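Following: one structure in C-alpha cells, then a few remarks.
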C-alpha cells in the first residue's frame, strides 16, 4: 500500500484571505511516541495560502508534524505583534490516505481540522 500524503493551507480569518509566505515544515516518525522525528521537507505558502510541494511521508510513518512559522507573517500584518510565533500540529496517519490539514489563523487564536 502506498504511503500517506499531506497537504495544507492557511487562511487568515481576521481578514478573510489566504496567508502568503508562511514557512511550513513537515516531519514524520514511525510507531511509538519515543520514535524520533525526521525532517522531510519545507515550503512556504503561495498566494492562495497553499503548500503544494510537501513530500510524502516514508513507509512506516504513523505520525506527522506540520510546523507553521507564523511570527514573521503575523508581525508584518499586525503592527509587529505575534502572539503565536509558531503553530505545531501533530496527527496520526495510515498508509494510502490523504490528509489535508488547514490552519485557520488570527492574531490571538487558531484552529485546525482534517479537510478534504
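Highest average first, the peptides 104-112, 65-73, 35-43 ordered by how many other beta carbon atoms sit within 10 Å of their residues are 65-73, 104-112, 35-43.
Once each part is reduced to its C-alpha centroid, what is the distance from the stretch 61-116 to the stretch 14-49 in angstrom? Their Cα centres are 7 Å away from one another.
Stokes-Einstein diffusion of the stretch 5-112 at 37 °C, 0.692 mPa s viscosity, Kirkwood radius from Cα pairs, rounded to a whole number: 232 µm²/s. Kindly list the residues of the stretch 93-109 that lie in the label zone of residue 52, defined by a backbone N under 20 Å from the point 7 Å along the Cα-to-C-beta vector. Residues 98-103 qualify, since their backbone N sits under 20 Å from the label point. For the pair residue 69 and residue 106, label points projected 7 Å from Cα toward Cβ lie 2.7 nm apart.
Which value in deg cm²/dmol, rounded to the nearest 500, describes the helix-derived mean residue ellipticity at 222 nm for the chain, given -39,500 (n - 2.57) per DSSP H run of n ≥ 4 and division by the residue count?
-1500 deg cm²/dmol
Quick note: the coordinates plus some simple rules give every number you see, no bench work behind them. Source: prediction; values computed, not measured. When we count neighbours, we look across all protein chains shown, and the Cβ atoms used for this are built from the backbone with ideal geometry, even at glycine.
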